[in-house]
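The values are calculated or read from the model by the stated rules, or taken from the named source; none is laboratory data. Just so it is clear, the structure is predicted and the values come from calculations on it, not from any experiment. Here the Cβ positions follow ideal geometry from the backbone for every residue, glycine too, while neighbour counts run over all protein chains shown. Please note that ligands, DNA and RNA were not included when accessible areas were found on the heavy atoms of the full protein model with its side chains. Shrake-Rupley method; radii C 1.70, N 1.55, O 1.52, S 1.80 Å.
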Amino acid sequence: MKKLFLTYITIIIIISFLLPNSKINHLSIHTIDVGQGDSILIQTPNNKNILIDGGDENSYHIVSSYLKKQKVKNIDYLIATHFDSDHIGGLDNIVENFKVSNVYAPNYKSDTISYQNLINSCLSKNLNLNYLSKGDFIKIEDDINLNILSPSYIGDDNNLNSIVCKIDYKNKSFLFTGDAEASNELNLINTYELSDVDFLKVGHHGSSSSTTPEFIEEVRPDIAVISCGYKNNYGHPHKSTLDTLEENNILTYRTDLLGDIVFYSDGETIYTTQNYNLNKK
C-alpha cells in the first residue's frame, strides 16, 4: 500500500511539472479580454509583473479581477503605450489599488479625462511618470530584456506615438505594438532586424491601418494575437489584416472569439492551451 501511495505521489509531481500553467522557468503573456481595447499582463519566471495598458474606464473591474485571479499584488512595470482611453482608461484605478513600482509612457501630454486621471493617480501615490522612446532599454531579469523600438519622435497623432517594445527571453522574442500604424511599421523594418520575432501583438486591434503585408513578410512571427471587442463598431479586425496573416501562415488568436488568451514560453518554445482561430466573422 505504501509503495502504491508513493507511486501516486510521484505521478502527481511529474504532472505538476508538465502542466502548461506551471510557472517554473516560464514567461507567461496574458492577453486580457477588455473588449475594444488593450491590456496585457506579462509574468516572468521570477514573479515580476509587467502590465501593458489597462483597457478603457469600464475595464477596471475586468483587469482588476484578472490580476487578482493571477494572485498579482504588485505591478513592477506599468506601461501606457499611448493616451487613447481604450488603452489607459482603467490604469488610474490600477495605480490606486495595486502596488505599482514604475510607470512608463511616451513623452507627450493629453487633454483627455483618461490622461488626467492617470496623472492624478500617479501624483497621489508619489509615482513619477517615466518617459520611453526609441533606444531605451530595461533589464527585467537576467534572461529578459525589454527594448523600446518606437516612438522615435512625438507628433500630433496618438496612435503614431505608441510605445512599441520587444521583449527578448532566451531564444524567443515578443513584439508589442500598441496602436502603431503603417508608418511606424515601415520605420521599424527599415531600422531593425526583426526576423527573430516569434510573437506579435497586432497593432490597432487588427485595423487595416496596421499590419501591412510588407511588415508581416519581414517580421513573419509564428503567432499573432488581436485584442478587440466582439462585433465592435469599427469592424476590427479588418478582413485585409486577417488575409495578410493567413497568407503568411501565422497562427492568429482573437480575444473577441476566444476571450482571455494566455501564452507560455520557456525561452525555446511558445505554447497555449487554447485553439487558434482564423475565423473572419
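Key figures for this structure:
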read-out	value
Residues located in the range 101-133, provided they are touching a helix residue (DSSP H, G or I) at 6+ places or on another chain (Cβ under 7 Å) and of a type in the set (Val, Ile, Thr)	103, 112
Close pairs from the range 225-254: first farther than 21 Å from residue 39 by Cβ, partner surrounded by fewer than 20 Cβ atoms within 10 Å (Cβ to Cβ) and among the basic types (Lys, Arg), Cβ under 9 Å, at least 6 apart	239/280; 242/280; 243/280; 246/280; 248/220; 249/220; 250/220
Whichever residue in the range 119-136 is farther than 16 Å from residue 101 by Cβ and within 20 Å of the chain's Cα centre (by Cα) and, among such residues, is most open to solvent (accessible area, probe 1.4 Å)	131
Matching residues in the range 114-150 - criterion: being touching a Ser or Thr at 6+ places or on another chain (Cβ under 6 Å) and assigned to a loop (DSSP other than H, G, I, E, B)	134
Only listed residue being over 19 Å from the mean Cα position of the chain (by Cα) and not charged (D, E, K, R), chosen from 227, 210, 240	240
Qualifying positions in the range 40-55 - over 19 Å from residue 147 (Cα atoms) and surrounded by 24 or more Cβ atoms within 10 Å (Cβ to Cβ)	54, 55
Residue that is most open to solvent (accessible area, probe 1.4 Å) [pool: residues in the range 164-184 that are in contact (Cβ under 8 Å) with a residue 24 or more places away in the chain and small (Gly, Ala, Ser)]	182
Test: residue 187 is closer than 18 Å to residue 133 by Cα, without any contact (Cβ under 8 Å) to a residue 60 or more places away in the chain, surrounded by fewer than 21 Cβ atoms within 10 Å (Cβ to Cβ) and out of contact with any His (no Cβ under 9 Å at 6 or more places or on another chain)	yes
Meets criteria (out of contact with any helix residue (DSSP H, G or I) (no Cβ under 8 Å at 6 or more places or on another chain) and either open to solvent by 10 Å² or more (accessible area, probe 1.4 Å) or in contact (Cβ under 8 Å) with a residue 12 or more places away in the chain (or both)) for residue 94	no
Those residues of the range 233-263 which are assigned to a loop (DSSP other than H, G, I, E, B) and over 19 Å from residue 174 (Cα atoms), in sequence order	233, 234, 235, 236, 237, 238, 259
Any hit, the range 241-264, residues being under 26 Å from residue 190 (Cβ atoms) and in contact with a His (Cβ under 8 Å, 6 or more places away or on another chain)	no
Filter result for the condition that a residue is within 19 Å of residue 174 (Cα to Cα) and in contact with an Asp or Glu (Cβ under 6 Å, 6 or more places away or on another chain), over 32, 79, 42, 52	32
Top-ranked residue of the range 138-163 - restricted to ones that are without any contact (Cβ under 8 Å) to a residue 60 or more places away in the chain and in contact with a Lys or Arg (Cβ under 9 Å, 6 or more places away or on another chain), ranked as surrounded by the fewest Cβ atoms within 10 Å (Cβ to Cβ)	153
Residues of the range 137-164 that turn out to be polar (S, T, N, Q) and over 25 Å from residue 110 (Cα atoms), as a count	1
Within the range 26-81, tally of residues that are in contact (Cβ under 8 Å) with a residue 24 or more places away in the chain and part of a loop (DSSP other than H, G, I, E, B)	24
Qualifying positions in the range 207-261 - open to solvent by 60 Å² or more (accessible area, probe 1.4 Å), touching a helix residue (DSSP H, G or I) at 6+ places or on another chain (Cβ under 6 Å) and under 21 Å from residue 274 (Cβ atoms)	230
